[in-house]
Each structure stands twice: as structure tokens, then as C-alpha cells.
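The values are calculated or read from the model by the stated rules, or taken from the named source; none is laboratory data. The shown structure was predicted, so the numbers you read here are calculated from the model rather than taken from an experiment. Here the Cβ is made from the backbone with ideal geometry for all residues, glycine too, and neighbour counts use every protein chain on show.
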Amino acid sequence: MKIAYVTMQFPVASETFAAVEIRALRKLGAKVSVLAFRRAPARAQTMLAERGLVDLPIDQGGAGATLRGLLLLFLRPGDSLPLLIAILSHCWRQPEHLAKALALLPRSLDLLQRVEAERPDVVHIFWGHYPSLLGLLVKRRLPQVAVTQFLGAYDLEKGFPLSRLLAGQADRLLTHARANLPALAARGVDPARVEVSYRGIEIPAAVPAPRKTAGLMVVAERLVPQKRTAEALRLFAAVAAELPEAQLRVLGAGPEAERLRSLAVELGLENRIAFCGHVPHGEVFGHLAEAEVALTLSQSPSERLPNALKEAMLHRCLCLAAPSPGIDELIADGKTGLLAAPDDLAGAARRLAVLLRDPAAAGEMRDKAQAYILENFDVERTMSARLRLWSHLVAQRRQGAAA
């Protein structure tokens with residue numbers, strides 16, 4: 001099966017979901033390519049090497065692609081005019097969406113030409129907002145190609161009007177948490193057309209036995225305000241006051257780094273908090289295998305079952321998270337992890353300290369967390385199910401096109 005993943009940019013430093021899915025699909029025998037609206041980011045080749053995707057076919061945006069698209073505006077009015085009318089009629093009240101959609105119209109036409117040349121079986125709109133422009137073109141021009149659209153938290157927050165238009169035409173909609181279903185229904189999407197498809201993580205053939213260091217905790221995330229890493233440091237300070245052996249490693253980089261270093265000094269914990277900077281994805285697993293605890297206190301509506309938590313649970317970390325939409329689909333409080341009330345970090349710290357002093361209870365929670373991940377978030381299982389769905393949709397498309 002040939003599958004084209006459509007994104008705004010690929011690869012992206014802060015987002016590994018697409019790479020994980022693509023690796024699994026290729027392992028299962030699918031041929032995958034990526035169609036990106038924007039130019040390749042800095043360090044693209046390094047990131048692709050880190051993610052084992054140096055040979056992945058990627059059509060990147062750029063000045064040349066835009067020029068080709070501008071030419072196609074005039075050469076293919078049968079494609080450009082209907083999409084232009086859709087943009088104007090749906091976005092005229094939202095200037096930002098209108099401007100971005102018009103700017104991306106040429107690239108959409110350029111990518112349509114690439115789809116026509118490659119003839120994939122499936123075009124998967126992995127980022128369900130502005131890439132919906134290409135989905136609409138494919139639906140109109142290539143009826144034998146199955147089009148699926150992913151609508152996640154960020155796509156729903158964006159509220160791009162043509163996302164909703166494509167949602168009514170796509171062969172199937174995908175989302176990564178049951179918590180998204182009410183928001184989709186509120187936007188007029190029939191829940192019966194939505195497949196809840198959890199984003200899986202890669203499970204080693206033999207999950208290595210962890211080598212835990214007593215009292216070691218990790219935070220693995222981008223250091224940006226919405227992640228609330230400062231609150232994680234304050235929670236750690238409360239635990240450290242009760243557990244002299246407690247240490248914290250902060251894995252990640254970002255604009256908050258210096259402020260967080262200053263906070264560590266202010267808390268008197270500069271010798272117990274290590275800032276490791278950017279850590280390649282594969283190396284994060286070594287830290288998780290060694291850590292007893294993983295902390296994440298982000299409450300951003302765009303979180304939705306973060307992979308960092310899944311990976312920590314797989315490596316038998318005790319996970320403490322703040323409530324965020326859908327988090328109960330991942331952590332059952334007191335069973336597979338701990339949920340911290342955002343206004344009671346001291347209470348969360350006490351619960352964590354008590355658990356760390358009870359090896360039997362901590363071990364039971366780790367076992368349940370790991371088992372839950374193995375059962376529900378193995379990316380090869382989730383992508384095998386996705387391939388079965390796509391095969392069904394492709395068969396339907398071909399039958400319809402033949403008729």
C-alpha cells in the first residue's frame with residue numbers, strides 16, 4: 001500500500017508522532033512518502049538520521065515549489081478556481097485564516113500534481129488544519145484515492161474553516177483520544193465517522209529491565225511556558241525536602257531554560273537539579289530506565305495523552321501528571337500513576353513521597369502502568385489496525401470509481 005502523509009513541516013523537533021507512525025508502517029510493509037507544505041527545517045537531515053528516516057521520500061516546500069504552484073494557478077483553473085472560491089466563502093470573516101489559506105493555495109496545487117504523479121492509495125492529512133486544502137483537491141480530482149483526515153487537539157484549537165469542510169468529505173476521520181469526540185460533534189462531525197486511534201509508541205522486542213536509581217526523577221519536555229516546568233521544579237522541591245536522596249534531571253531545551261536555572265538556584269537545589277539540554281529521542285529512554293519518577297504538569301488543551309508519559313510508563317517510571325483533557329484515558333489515578341491537582345502541588349508531593357517509601361506499592365503501580373501501555377499503545381498494533389482501515393477504504397474507493 002502506498003500512503004502519502006501530509007503535514008505542514010517534516011521533520012519537526014518537538015513532534016515525533018508522525019515519525020513513529022511512519023517507521024511502524026514501513027516495518028509493516030507499506031510504502032510511505034511525506035508531502036510538506038513548508039520548507040525543510042534547520043537540522044532536518046540530523047533529525048531524520050536520529051529517527052531512522054534518512055531514505056524517506058519527502059517533498060519539501062520552498063521558493064521553487066511556490067513558483068510552480070503560482071504557474072499552476074493559471075494553467076489549471078479547473079482546480080484552482082473551486083478551491084479559491086471555497087477559501088473566500090468559508091474564511092472571509094477570519095482574516096488570519098484567509099491570508100494563510102491564500103498563501104498556501106499555490107503549494108496545494110503543486111502537491112496535487114505530485115499526488116497525481118505518485119498515485120498513492122491513501123492521502124492521509126496528518127495535520128488536519130491547513131493541509132486540508134490538499135485533501136479537498138484530491139477528493140475532487142482523484143476519486144479512486146482514499147483520503148483520511150486526522151483531527152487532534154491542535155487542529156480543533158486552530159478552527160480552520162476548511163478543516164470542517166474536508167471533514168464532511170473525507171473517507172474517514174481519525175482522532176487520538178475519546179476526549180476529542182464532544183468537540184468534534186460540536187463542530188458538526190458525525191461521531192460514527194470518527195475512528196479513535198491512539199497514538200502508539202515503539203515497543204522493543206524485549207523491554208529492557210530498568211536499572212532504577214533511588215530518588216531519581218525526570219522531566220522530559222520542551223522548556224516553554226505552557227509546559228509548566230517551573231511547577232514541576234517546585235513540586236520536586238517539596239519532595240526533596242522529605243527525601244534527601246531525590247535528584248531531578250530536566251531533559252529538553254527552550255526559551256524557559258535560563259529562567260528555570262535561576263529558579264533552581266532560588267530553591268536552593270542547583271546541586272540536585274541537572275539541566276541536560278536537548279537529548280536525542282533514543283537517549284531519553286536510557287534516562288527513563290534509570291529514573292524512578294517522571295513528572296509532567298502541563299495542562300495545555302493540546303496535550304492529549306503525551307507520548308512522553310507513555311514512554312515513561314513503558315520504562316516503569318512512576319508518572320505524576322497534572323489533569324489535562326483525556327489524561328484519564330492514560331493514567332488511572334492511584335492505579336497506573338498519580339494525577340496532581342493544579343492548586344495542590346504540596347499534596348501531590350506528599351502522595352509521591354509516601355509511594356516512594358513503599359517499594360511494594362510503587363512496584364505494583366509500575367507493573368500496571370507498563371501492562372496498560374503494552375496492551376493499548378503499541379504502535380505496531382495501532383498501525384496494523386490503521387492499515388486494515390485503509391485497505392477497506394481503498395477497496396470502497398476503487399469500487400466507487402469503477403461504478
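Computed quantities for the displayed model
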quantity: Test for R261: is it of a type outside the set (G, A, S), surrounded by fewer than 17 Cβ atoms within 10 Å (Cβ to Cβ) and without any contact (Cβ under 8 Å) to a residue 24 or more places away in the chain; calculated: yes
quantity: Selection count where residues are out of contact with any helix residue (DSSP H, G or I) (no Cβ under 8 Å at 6 or more places or on another chain), aromatic (F, W, Y) and outside any helix (DSSP H, G or I), scope region 133-171; calculated: 1
quantity: Matching residues in region 180-203 - criterion: being under 26 Å from A24 (Cβ atoms), in a loop (DSSP other than H, G, I, E, B) and among the basic types (K, R); calculated: R199
quantity: Selection from region 42-93 of residues that are β-branched (V, I, T) and within 19 Å of M8 (Cβ to Cβ); calculated: I58, T66, I87
quantity: Close pairs (8 angstrom Cβ cut-off, 6 or more residues apart or separate chains): closer than 19 Å to P143 by Cα in region 372-396, among the small types (G, A, S) anywhere; calculated: W390/A146; L393/A146; V394/A146; Q396/A146
quantity: Evaluation of L269 against (1) surrounded by fewer than 17 Cβ atoms within 10 Å (Cβ to Cβ); (2) in a loop (DSSP other than H, G, I, E, B); (3) free of Cβ contacts under 8 Å to residues at least 60 places away in the same chain (one fails), failing number; calculated: (1)
quantity: Residue within region 246-265 that is more than 19 Å from T296 (Cβ to Cβ), in a loop (DSSP other than H, G, I, E, B) and either within 23 Å of the chain's Cα centre (by Cα) or modelled with pLDDT under 95 (or both) present; calculated: no
quantity: Selection status of P325, loosely packed, with under 15 Cβ neighbours inside 10 Å, under 24 Å from the mean Cα position of the chain (by Cα) and touching a residue at least 40 places away in the same chain (Cβ under 8 Å); calculated: no
quantity: The listed residue being closer than 30 Å to G52 by Cβ, touching a residue at least 40 places away in the same chain (Cβ under 8 Å), not assigned by TED's automatic domain parsing to the domain that holds P11 and not basic (K, R), out of L320, L243, L305; calculated: L305
quantity: Residue, farthest from the chain's Cα centre (by Cα), within region 170-193, restricted to residues that are within 14 Å of L156 (Cα to Cα) and modelled with pLDDT of 95 or more; calculated: L173
